[in-house]
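Heads up: the structure comes next, in structure tokens.
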Amino acid sequence: MKKLLSVLLCTAMTATLLIGCGSKAEEPAAEPADTQPAATAAPEATPAPAADAGDKGSGDKIVIGWTDANLSNESNAICANSAIEYAKQFDNVELIVNDGEGTADKQIAQCESFVSQGVDCVIISPYDFDACVTAAKVCVDAGIPVFVAKGLIADMSVVETYVGSNDFNAGVMEMEYIADKLDGKGNIVIIEGPTGVTGAVLRNDGINSVLEQYPDIKVLYSKPADWYRDKAMELMENWLQLGTDIDAVVSHNDEMALGAYDALEAAGITDIPVIGIDGIEAAVVSVGEGKLSASILQDSKTIGEKAIDVAIDLANGKTVEKEYDIPYQLILQDNYKDFLNE
């Protein structure tokens, strides 16, 4: 039995953010009681949009509400901060970002708050696949255009559009990668995101769709670690103690993949493939060092920026597409430098 070393590493980010973009200094935006300024590093600025992109007829202010699934998740925080920085480029756009803190009830309440504030458009980055349908309906019932970003909900007919990547495809990509590494046979473990959460549901569906084609790949264990590195490390430690040979680790996100690798490395096991999803900086570096085998980039920065463009269009009464797909990208040791932050 291999002795393991526990290491606790967990990202923590701001609970709630309120940003008013393009407001004059003498007219700051009112700050709701349950929000606070962003405390995370801002993404690199992007080129300024066309001068009339935020126009609402006579130059009225456009107020956009954003309720995020959970800003303690690094990928989510990158997306929200990207939206914040991008929105600052418009003179007449105010963006209010609230942290759902991993509860659908809070996201529903935040949508109700956006309605009472009379915002012009609402963006939901959903935590719960089913329950966030209710959050969207709150906005629809009030006549406010609403759409989802970075994650789908169970009834997409309720919302105007989706801006983000297809989580099902991410699951397919990582499982196809592992199946190829194992030559179609072996024992794997799956580290899942929180039960019922959009990304976890769809990524697992994608993984299972590939496994149906590989009867010689056996899933030994599959359990949630709720997106957290320390929980994934503990889970991996427990599985290793059961003594069954594990040939690969498939994780629903990078944080959990890194935690699993920590446990394997502590046990002296560094020769089995471990893959995650999101393309966060720590994972990209790990891939470059030959630790994680691969990661799959979810381009959160581009998703955040595109979401603002779509919200402005909807606030201006324009017609938008039913989906804006931001493709996932496979990160390997031979291309990892292309995905490092400059």
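The values are calculated or read from the model by the stated rules, or taken from the named source; none is laboratory data. Note that the coordinates shown come from a computational prediction; the quantities given were computed from them, not determined experimentally. Neighbour counts run over all protein chains shown; Cβ positions are idealised from the backbone, glycine included. Heads up: the accessible areas ignore ligands, DNA and RNA and are worked out on the full protein's heavy atoms, side chains in. Shrake-Rupley method; radii C 1.70, N 1.55, O 1.52, S 1.80 Å.
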May I ask you to derive the relative contact order of segment 180-221, considering only C-alpha pairs under 8 Å and at least 6 residues apart, and to give it as an integer percent?
-> 62 percent
Got a sec to turn the phi values of segment 246-260 into Karplus ³J(HN,Hα) couplings, 6.51 cos²θ - 1.76 cosθ + 1.60 with θ = phi - 60°, whole Hz, x for Gly and Pro?
-> 10, 9, 6, 10, 10, 10, 6, 8, 6, 4, 5, 4, 5, x, 4
Each residue of segment 290-297 in order: what ³J(HN,Hα) in whole Hz does its phi give by Karplus 6.51 cos²θ - 1.76 cosθ + 1.60, θ = phi - 60°, with x for Gly and Pro?
-> x, 8, 4, 6, 6, 9, 10, 6
For segment 213-219, Karplus-derived ³J(HN,Hα) couplings (6.51, -1.76, 1.60; θ = phi - 60°; whole Hz; x for glycine and proline) come out as 8, 10, x, 8, 9, 9, 8
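When 1/r is averaged over all different Cα pairs and the result inverted, which Kirkwood radius in Å belongs to segment 245-311?
Numbers: mean 1/r = 0.0791 Å⁻¹.
Computed over Cα pairs of segment 245-311, the Kirkwood hydrodynamic radius comes out at 12.6 Å.
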Once a ≥ b ≥ c are taken as the square roots of the eigenvalues of the Cα gyration tensor of segment 237-280, is the result rounded (a/c under 1.5), prolate (a/b larger than b/c) or oblate (a/b not larger than b/c)?
-> prolate
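Taking a ≥ b ≥ c as the square roots of the Cα gyration tensor eigenvalues, with a/c under 1.5 meaning rounded and otherwise prolate when a/b beats b/c, else oblate, which class fits segment 189-311?
Working: a/c = 1.92, a/b = 1.45, b/c = 1.32.
Prolate.
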Of the listed peptides 102-113, 322-333, what is their order by residue-averaged count of other C-beta atoms within 10 Å, with the highest listed first?
-> 102-113, 322-333
Taking H placed 1.01 Å from N in the peptide plane, check which residues at least 5 places from Ser165 or on another chain put their amide H under 5 Å from its amide H.
-> Lys150, Ile326
Per residue, how big is the convex hull around the C-alpha atoms of segment 174-246? Give it to me in cubic angstrom, could you?
-> 83 Å³
Note on segment 101-192: C-alpha Rg/Rh, Kirkwood Rh, two decimals, gives 1.17
Return the subset of Lys223/Lys291; Lys150/Lys291; Lys185/Lys337; Lys137/Lys301; Lys150/Lys322; Lys231/Lys337 for which the Cα-Cα distance in this structure is over 24 Å, preserving the input order.
-> Lys150/Lys291; Lys185/Lys337; Lys137/Lys301; Lys231/Lys337
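For segment 94-149, just say rounded, prolate or oblate: build the C-alpha gyration tensor, square-root its eigenvalues into a ≥ b ≥ c, call rounded for a/c under 1.5, and beyond that prolate if a/b exceeds b/c, oblate if not.
Values: a/c = 1.64, a/b = 1.32, b/c = 1.24.
Here segment 94-149 falls in the prolate category.
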To the nearest 10 square angstrom, how much accessible area does Lys218 have with a 1.4 angstrom probe?
-> 120 Å²
Taking a label point 7 Å from the Cα of Glu321 along Cα-to-Cβ, the residues of segment 150-187 whose backbone nitrogen sits under 19 Å from it are 150-153, 156-157, 159-170
How much net charge surrounds Arg203 when only other residues with a Cβ under 9 Å from its Cβ are counted (Lys, Arg +1; Asp, Glu -1)?
-> -4
Hey, rough spin-label estimate for Gln329 and Ser209, points 7 angstrom out along Cα→Cβ, what's it come to in nanometres?
-> 2.3 nm
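Ranked highest first by the average count of other Cβ atoms within 10 Å around their residues, in what order do 75-83, 282-290 fall?
Going from most to least packed, we get 75-83, 282-290.
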Check: C-alpha center segment 187-207 vs C-alpha center segment 85-151, spacing in Å is 25 Å
